[in-house]
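**Student:** I am attaching a structure below and will ask some questions about it afterwards.
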There are 2 protein chains.
Amino acid sequence: MTAVRDLSDRLHEVVGPAGLVTDAADMGGYLTDWRHAYGGSAAAVVRPGSTAEVAAVVGLCREAGVAVVPQGGNTGLCGGSMPDSSGRQVVLSLTRMTRIHDIDPVNQTITAEAGVVLQSVQEAAAAAGRLFPLSLGAEGSCTIGGNLATNAGGTGVLRYGTMRDLTLGLEVVLPDGRIWNGLRGLRKDNTGYDLKQLFIGAEGTLGVITAAVLKLFPAVRSRATAWVALPAPQAAVDLIGIFQELCGDRLTGFEIMSRQSVDVVLRHRAGARDLFAAVHPWYALVELSDTLPDAGLDGLLERGLGEAFDRGVAADAVVASSPAQVAGLWALREGISEAQNYEGPSLKHDVTVPVSSIPAFVERTDGALQAALPGIRLVTYGHIGDGNLHYNLSKPPGDDDDAFRARADELARIVYDSTSSFSGSISAEHGLGQSKREIIADYKDGCELQLMREIKQLFDPAGLMNPGKVVPDA
Amino acid sequence: MTAVRDLSDRLHEVVGPAGLVTDAADMGGYLTDWRHAYGGSAAAVVRPGSTAEVAAVVGLCREAGVAVVPQGGNTGLCGGSMPDSSGRQVVLSLTRMTRIHDIDPVNQTITAEAGVVLQSVQEAAAAAGRLFPLSLGAEGSCTIGGNLATNAGGTGVLRYGTMRDLTLGLEVVLPDGRIWNGLRGLRKDNTGYDLKQLFIGAEGTLGVITAAVLKLFPAVRSRATAWVALPAPQAAVDLIGIFQELCGDRLTGFEIMSRQSVDVVLRHRAGARDLFAAVHPWYALVELSDTLPDAGLDGLLERGLGEAFDRGVAADAVVASSPAQVAGLWALREGISEAQNYEGPSLKHDVTVPVSSIPAFVERTDGALQAALPGIRLVTYGHIGDGNLHYNLSKPPGDDDDAFRARADELARIVYDSTSSFSGSISAEHGLGQSKREIIADYKDGCELQLMREIKQLFDPAGLMNPGKVVPDA
């Protein structure tokens, strides 16, 4: 106890009263994630106000032999920013570091601290006549630091890439308390190993990201959006091909939803309504966009859909004719995750396979899941243009919640084994955190696992930087 | 001698007679680079035909304590693929590994061995109705492995990024002879540290890249190209802004040339002619492209140029009206490097600064160079849309070649100090190789250098993988 209290006093000296939370009630929000799926306890929550303070905090914890758990907006899905249950770890929240240092519309870059909320970066870019294209459900509360730590994806990856692709420079506090200033705003820089790549997607296990230089793009000035009914996943893949061939970079969004995904939204979201008289097994949301206000996107959309009808790829389609209709289509897609909660436990899986393997992958996986648990509902949806499906499962109607939950590991194995058989990834955009840390060892080759462990050991020999995350035990 | 001869016999067992070159005359082409700027000698040149053979060769060399120097098309500019002069190193040429394993137009990926020539990948993509956008002067002889090892750039970076951005998966033979198979064709994969990023741009110092999965794009079906006279570098930056604002992703090429760059081409290239009656201090080559055949690019080009004239950004302009004219404009740009050789020694510097800093950077650098050597000719050109200038220097007319060469280090310092003062990079796209390995220590922070050395030590504790390249001595 003396050591912890002593550390607490020293942390207080560094971050002041506004930066240190030790009262149990006040710590609560930092000790469970937004879904309340993961929880822990902590000796303290520290909220430094600057990079120098982060470095001092990390240094003090290291001296005291206390583990540090970096945390952003706490919207992760794999428990990567949750402390363990020992009550000895320190949560390092970046949420007071909310400065945007610089926005350069000519260089098309923005420099922001780790605690800036994603939506604030989007808005700052828009105010400068630019686009920051990362877009995801949690954008109103997730932070840039968390987006970097998990290499966030979302709906804009098809055209703009993941957070890794959007990052030019980083500032990082290393596990030994040193600050690496790599805040460069350069589009070409070949002067040695590209260190920033190690920290992006490392979920805070190699250091604490404190700031970043991010890419901006020209503002988008026109959009066209359609909701398309499809007979099968193969049709979705064909439809992507039609629009990529026709529109190239203008195809900026392509989402897919199984009928059962749409069903849960229709059932639970006020105002949601089916767009077609008939029921279709799959749907796609297609979005074209352009920097030109007069880009003729409606005509291109009609042309692409016309070809899709001619080839039997599309069964039906609706083109949005107002911003309200566009919002309505996206709400059907984005309402799935929340609506699914009303159907009992949701077993979530976030996987990628090559786009060309999607049809065979879905057929094999659906078949195996139905064989294991007849009547299971396949709430499958996602960013199919990136090969990324959220393969979420709801229990058969009427089944018991706990009985379904008890089969979580078995059903996950079915999804992951199938993913692996198509050379896919068992975590597309959610990371490993604590939830997939052990199971990844069954799906990654031994050489790669060993290199990961060696890099972790190199950067964090004391094992105090977000321990128990990402890297499986040997 | 016994050890070397013994190694040679064992290498012969692995790669057979077609894969082993030990005759001095036959080794010649592997022991000097294409410009004859760097040269060395070697115990042997080994040309394995498969990844397993590469692994065996690396393993044998490691056992014998012999250094390995990986080599692709030997078109590098910094001596990164040249052995030293000891005659004890083994050159590992990847040029027999020329298989394209797979091309998947739906997933938009191509899987190719390291020795495939860049142009062959471009052609294979085109045959499948796709674009592989990496494009650079040496594309007819440089290899994919070399492009990866140096994170190659070129003229397509503005829209498509560098080789790093174009890479989804890698296969690498590690310094201890293990094979890491990371040949994944996934656009999202967050399952731990992104190891491939360490090998891209590492110039063979952490392992030998043997194959890669690369991204493809929809084929380009229309282009519009203009040559624009500009009063100053600020005008070039303004012109980029006009076209990015107007055309977004359609702006796929933007090159800048100083008058003295164009002068050397006009003087030495048969058929080259000035496009305007007046002499202008700077020129830009602007290229728009689109996947649509009927994209209205000519109209957009006229619109952008009209705005540029109205704002005083452009002094004059020519729009190419035939493929031959397009080729003529690119020849003016691409002829610079060769033409400069006729003017005596060319002191080459490949730097990046933020695009917004280009005008001030050029003014300060030109001023300092002119002060140091009045009459020096500033053959400055490059990919200004990426902030990347090739800051090449020719001697004042009439000066002595050797006297000019003798000042190379002093003049390089002027360029690099200026670059550094604008938070730039002293190697944009050419890498460090041997030529910039020591000087980088003066421009990179100590923390970053130390991390680079630690990573090198982790992967290659024996120091046998391309020693003397990239990582400066402590």
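**Student:** Could you list, bin by bin from short to long, the percent of Cα-Cα pairs of chain A in 10 Å steps?
**Tutor:** Pairs per bin, as whole percents: 4, 19, 28, 26, 16, 5, 1, 0.
**Student:** Here is a further query. Given a 1.4 Å probe and the protein chains all in place, what does the accessible area of B:Trp180 round to, in Å² to the nearest 10?
**Tutor:** 0 Å²
**Student:** 7 Å along Cα→Cβ for the label point: how many nanometres lie between A:Pro461 and each equivalent label in the other copies, listed shortest first?
**Tutor:** Copy-to-copy label distances for A:Pro461: 1.3 nm.
**Student:** Pop out the ³J(HN,Hα) list for segment A:356-373 in order, Karplus 6.51 cos²θ - 1.76 cosθ + 1.60 with θ = phi - 60°, rounded to Hz; leave Gly and Pro as x.
**Tutor:** The phi angles translate into 5, 8, 3, x, 5, 5, 5, 4, 5, 5, 4, x, 5, 5, 5, 5, 6, 8 Hz.
**Student:** Let me ask you something else. May I ask you to compute the full-extension gain from B:Asp401 to B:Glu63, defined as 0.36 nm times their residue separation minus their alpha-carbon distance, rounded to one decimal in nm?
**Tutor:** Stretched out fully, the B:Asp401 to B:Glu63 stretch lengthens by 117.1 nm.
**Student:** Please compute the net charge surrounding B:Ala127, taking Lys and Arg as +1 and Asp and Glu as -1 over other residues with Cβ under 14 Å from its Cβ.
**Tutor:** Summing Lys/Arg as +1 and Asp/Glu as -1 gives -2.
**Student:** OK, next. Which of the trypsin sites (Lys or Arg not before Pro) found in segment B:295-360 are loop residues per DSSP with 12 or fewer other Cβ atoms within 10 Å of their Cβ?
**Tutor:** Here the trypsin sites (Lys or Arg not before Pro) that fit, given the DSSP loop and packing criteria, are B:Arg311.
**Student:** Dividing the convex hull volume of the alpha carbon atoms of segment A:357-409 by its residue count, what do you get in Å³ per residue?
**Tutor:** Per-residue hull volume (Cα only) is 78 Å³.
**Student:** Measuring nothing but label to label, 7 Å from Cα along Cα→Cβ, what are B:Ser85's distances to the other copies in nm, shortest first?
**Tutor:** Shortest to longest, the spacings are 6.8 nm.
**Student:** Ignoring ligands, DNA and RNA, what accessible area per residue does segment B:370-411 give at 1.4 Å, in Å²?
**Tutor:** Per residue, segment B:370-411 has 37 Å² of solvent-accessible surface.
**Student:** Roughly how much of A:Val106 is accessible, in Å² to the nearest 10, using a 1.4 Å probe?
**Tutor:** Roll a 1.4 Å probe over it and A:Val106 shows about 70 Å².
**Student:** Quick one: which residues, 5+ away or cross-chain, put their amide H under 5 Å from the amide H of A:Asn392? H built at 1.01 Å from N.
**Tutor:** A:His349, A:Val379, A:Thr380, A:Tyr381
**Student:** Could you tally the net charge around B:Ala428, taking each other residue with its Cβ under 11 Å from the Cβ of B:Ala428, Lys/Arg +1 and Asp/Glu -1?
**Tutor:** In short, -2.
**Student:** With θ set to phi - 60° and the Karplus curve 6.51 cos²θ - 1.76 cosθ + 1.60, what are the ³J(HN,Hα) couplings of segment B:320-329 in order, to the nearest whole Hz, using x for Gly and Pro?
**Tutor:** 5, 10, 8, x, 5, 5, 4, 4, x, 5
**Student:** How much net charge surrounds B:Pro105 when only other residues with a Cβ under 14 Å from its Cβ are counted (Lys, Arg +1; Asp, Glu -1)?
**Tutor:** Net of charged neighbours comes to -2.
**Student:** I'd like the FRET efficiency for B:Ser86 and B:Ser423, computed as 1/(1 + (r/R0)^6) with the beta carbon distance as r and R0 of 35 Å, rounded to 0.05.
**Tutor:** 0.35
**Student:** If I model a spin label at B:Arg221 and A:Arg273 as a point 7 Å from the Cα along the Cα→Cβ vector, what separation in nanometres do I get?
**Tutor:** Once both label points are built, they end up 3.8 nm from each other.
**Student:** Give me the summed buried accessible area for the B-A pair, 1.4 Å probe, to the nearest 100 Å².
**Tutor:** Adding both sides of the contact gives about 7000 Å².
**Student:** Find every distance from the label point of B:Gly29 to the corresponding label point in the other copies (7 Å from Cα along Cα→Cβ) and write them in nm, one decimal, shortest first.
**Tutor:** 6.8
**Student:** While we're looking at this one, here's another question. Too long at a 19 Å Cα-Cα cut-off: which of A:Lys456/B:Lys188; A:Lys196/B:Lys444; A:Lys456/B:Lys456; B:Lys348/B:Lys436?
**Tutor:** Flagged as over cut-off: A:Lys456/B:Lys188.
**Student:** Next question, about the same structure. Once ligands and nucleic acids are excluded and a 1.4 Å probe is used, how much of A:Thr291 is accessible, expressed in Å² to the nearest 10?
**Tutor:** About 10 Å², ignoring ligands and nucleic acids.
**Student:** Along the charge dipole of segment A:1-160, pointing to its positive end and built from +1/-1 on Cβ of Lys, Arg, Asp and Glu, which listed residue (A:Val121, A:Ile100, A:Pro48) has its Cα farthest out?
**Tutor:** Looking along the dipole axis, the top candidate is A:Val121.
**Student:** In whole Hz, what ³J(HN,Hα) sequence does segment A:162-179 give by Karplus (6.51, -1.76, 1.60; θ = phi - 60°), x for Gly and Pro?
**Tutor:** 7, 3, 4, 5, 9, 10, 9, x, 9, 10, 9, 8, 7, x, 8, x, 6, 9
**Student:** Which of rounded, prolate or oblate describes segment A:48-158 when judged by the alpha-carbon gyration tensor and an a/c cut-off of 1.5?
**Tutor:** Taking the square roots of the gyration eigenvalues as a ≥ b ≥ c, segment A:48-158 is oblate.
**Student:** Additional query: How well do other chains shield peptide B:352-358, expressed as the mean number of their Cβ atoms within 10 Å of each residue Cβ?
**Tutor:** Average neighbour count from other chains, rounded to a whole number: 6.
**Student:** Continuing with this model, one more query. May I ask for the percentage of alpha-carbon pairs in segment A:317-474 that lie more than 29 Å from each other?
**Tutor:** 30 percent
The values are calculated or read from the model by the stated rules, or taken from the named source; none is laboratory data. Model, not experiment: these values are computed from the prediction. Cβ: placed from backbone, ideal geometry, glycine included. Neighbour counts: every protein chain shown. When the accessible area is computed, the model is the full protein with side chains, heavy atoms only, and any ligands, DNA or RNA have been set aside. Shrake-Rupley method; radii C 1.70, N 1.55, O 1.52, S 1.80 Å.
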